Amino acid sequence: QVRVVESGGGLVQTGGSLRLSCAASGTFFGLNAMGWYRQAPGKQRELVAIMTSGGVRTYADSAKGRFTISRDNAKSTVYLQMNSLKPEDTAVYYCTAQFRGYDYWGQGTQVTVSS
C-alpha cells in the first residue's frame, strides 16, 4: 500500500510562485512515475507534469516554461515549482505515484491565484 500526501498549496497573487511537495510512504520499493494533476471547478482532471524514476519529464503545454517538476527518489518525494502563476492555474492539485501498475493518489491541495 502506498500513501500519498501533498502539501504547499495556498493563495497567491497573479505572477507569484508556489512550491508543492508530495511524499509517498508505505510498504514499497522503487516507485515508477510520480507527478501532478489538477482539477478546476467544473472541469476534468488534467495532467500538469509527471516524471519517471529515470528522470524523464513530461509537461502539459500550459505548464511549460513556468512549472518545474523534480523528485528525490531516495525520499520518494516529488515537487512542483510553479512560477508566473495565472488565475487559470486555480485548481486542486493532486499528486500521483505509480507502483506495480497502480496509480495512488493524494487528497489534493488547493491552489488559488487571485487576479
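The values are calculated or read from the model by the stated rules, or taken from the named source; none is laboratory data. This one's a predicted model, so the numbers in the text were calculated from it and none came from an experiment. Using ideal geometry, Cβ is built from the backbone for each residue, glycine included, and neighbour counts are taken over all protein chains shown. Quick note on the areas: whole protein, heavy atoms, side chains included, nothing else; ligands and nucleic acids left out. Shrake-Rupley method; radii C 1.70, N 1.55, O 1.52, S 1.80 Å.
Quick check: is even one residue across the range 81-96 free of Cβ contacts under 8 Å to residues at least 60 places away in the same chain and of a type in the set (Phe, Trp, Tyr)? Within the range 81-96 (the criterion being free of Cβ contacts under 8 Å to residues at least 60 places away in the same chain and of a type in the set (Phe, Trp, Tyr)), the answer is no, since none of the residues qualifies.
Among the conditions (1) in a strand (DSSP E or B); (2) over 23 Å from Ser115 (Cα atoms); (3) in contact (Cβ under 8 Å) with a residue 40 or more places away in the chain, the only one that Arg38 does not satisfy is (2). Whether a residue is at pLDDT 95 or above, surrounded by fewer than 16 Cβ atoms within 10 Å (Cβ to Cβ) and either not in a loop (DSSP other than H, G, I, E, B) or not hydrophobic (A, V, I, L, M, F, W, C) (or both) was assessed, and Gly30 does not pass this test. Scanning the range 61-108 for residues that are open to solvent by 20 Å² or more (accessible area, probe 1.4 Å), within 18 Å of Ala23 (Cα to Cα) and of a type in the set (Val, Ile, Thr) yields Thr68, Val92. Summed over the range 57-112, the residues that are modelled with pLDDT under 95 and on the phi > 0 side of the Ramachandran plot give a count of 3.
Of the residues making up the range 35-58, those that are over 11 Å from the mean Cα position of the chain (by Cα) and open to solvent by less than 70 Å² (accessible area, probe 1.4 Å) number 6. Apart from one condition, Gly16 fits all of (1) open to solvent by less than 40 Å² (accessible area, probe 1.4 Å); (2) without any contact (Cβ under 8 Å) to a residue 60 or more places away in the chain; (3) outside any strand (DSSP E or B); (4) of a type outside the set (A, V, I, L, M); the exception is (2).
Report whether or not Ser115 is small (Gly, Ala, Ser), under 21 Å from Gly16 (Cβ atoms) and modelled with pLDDT of 95 or more. Considered against the rule, which asks whether it is small (Gly, Ala, Ser), under 21 Å from Gly16 (Cβ atoms) and modelled with pLDDT of 95 or more, Ser115 comes out as no.
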